[in-house]
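See below for the structure under consideration.
The values are calculated or read from the model by the stated rules, or taken from the named source; none is laboratory data. Given the structure is predicted, the values throughout are model-derived calculations rather than measurements. Cβ coordinates were reconstructed from backbone atoms using ideal geometry, including for glycine residues, and neighbour counts include every protein chain displayed. Accessible surface is based on the protein model in full, side chains and every heavy atom, while ligands, DNA and RNA are left aside. Shrake-Rupley method; radii C 1.70, N 1.55, O 1.52, S 1.80 Å.
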Amino acid sequence: MVVPNIVNPFFPAIVESVETALAEAELSLVLCTAQGSHEIEARRIEILLEQNVDGLLITPVDFHESARAVRHAAEVVHVIQVDRATDVSTDRVLVDQGAGMTALLEHLVSQGCQSFAYVGAEETSSTAERRHRAYVAGISKLGLEGADRALHGTFSVEWGEEAAKSLLEKRTGMPDAVVCANDFIAVGLIRALRRSGLRVPEEVLVSGFDDSTVGRIVDIPLTTVRQPLDQLGAEAVRMLLQAGANKDRVARSLSLEPTLIIRKSTGGND
């Protein structure tokens, strides 16, 4: 298995679910990290192929740049793309980002929010692209303000803090809610907003995505979208075990349903 990094606890959680499912089938996992680089990712894939692995599970670093290495691997072994994907035709297990974003926006509207801003990551991964696209579609469908109000950086606390500064420069236009593309961004954003004297959730609501540990242990626990990580790993392994010897069959795609988790950052009790 190759994952983008192990700094973000989201990826080790996927790895753990995969390893658990493989152990039940009496199979072993060889794990590599791409360190956020599609070039390192390609080298790791090549090393694994040289070791004659039976299959490859990958969460691609980059939607475009990872495609070549994924395509090459798929010519040699069975490949499952997990959580993220390139446009290479392989089996894949993803999460319905649109359903998660829709549930989140409907919750924020129920809290009285009418104006929004989005703080995401550069759309080099399919996850970043799908979440932003779902946000724009949801805001437009609900007739709300903020479909074109978006800032893009990285999936990090530091970027969340930087994005908050940009929003604060136009404080008179501060939205009712800020939707963040992951929990790390949201934590950084809240930290910077509070330093400026802006209260969360009394003056602005903030939400994350992924339900990472960091979002549960901060002073203002995050409303977020929980992805079914155990199911994600189990389904990926099931696909791998069912692959068989027929490499000419049609690639399968499975989309799993996420769950909205309401906490204090948007007015919840937890």
For Lys264, which aspartates and glutamates qualify as cross-link partners when the Cα separation must be under 12 Å and same-chain residues fewer than eight apart are set aside?
Glu202, Asp219
How would you rank 183-194, 154-165, 133-144, highest first, on the average number of other Cβ atoms within 10 Å across their residues?
183-194, 154-165, 133-144
For every other residue with a beta carbon closer than 14 angstrom to the beta carbon of Glu26, add +1 if it is Lys or Arg and -1 if Asp or Glu, then tell me the sum.
-3
Compute from the Cα atoms of segment 86-132 the Rg and the Dmax, the latter being the longest Cα-Cα distance, and quote both in angstrom.
13.7, 42
With springs only between Cα atoms under 10 Å, which of Gln111, Gln242, Gln227 fluctuates most in a Gaussian network model of the chain?
Gln242
Area of Ile47 that stays accessible when all protein chains are in place (1.4 Å probe, Å², to 10)
80 Å²
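Over segment 25-125, what percent of the accessible surface lies on carbon and sulfur atoms, probe 1.4 Å? Spell out each step's value before the answer.
Numbers: 1970 of 4440 Å².
Here it works out to 44 percent.
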Excluding same-chain residues fewer than 8 positions from Lys170, which aspartates and glutamates have a Cα within less than 17 Å of its Cα?
Glu145, Asp148, Glu161, Glu162, Glu203
Candidates per GluC sites (Glu not before Pro) in segment 33-79, loop by DSSP, up to 15 other Cβ within 10 Å
Glu75
Per residue, how much accessible area does the chain show when a 1.4 Å probe rolls over the protein heavy atoms, in square angstrom?
46 Å²
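If Rh is defined by the Kirkwood formula over all Cα pairs and Rg also comes from Cα, what ratio Rg/Rh do you get for segment 103-225? List each step's numbers first, then the result.
Details: Rg = 12.8 Å, Rh = 14.0 Å.
My calculation puts Rg/Rh at 0.92.
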Kindly identify the chain as rounded, prolate or oblate by the Cα gyration tensor criterion: order the square roots of the eigenvalues as a ≥ b ≥ c, call it rounded if a/c is under 1.5, otherwise compare a/b with b/c, prolate if a/b is larger, else oblate.
prolate
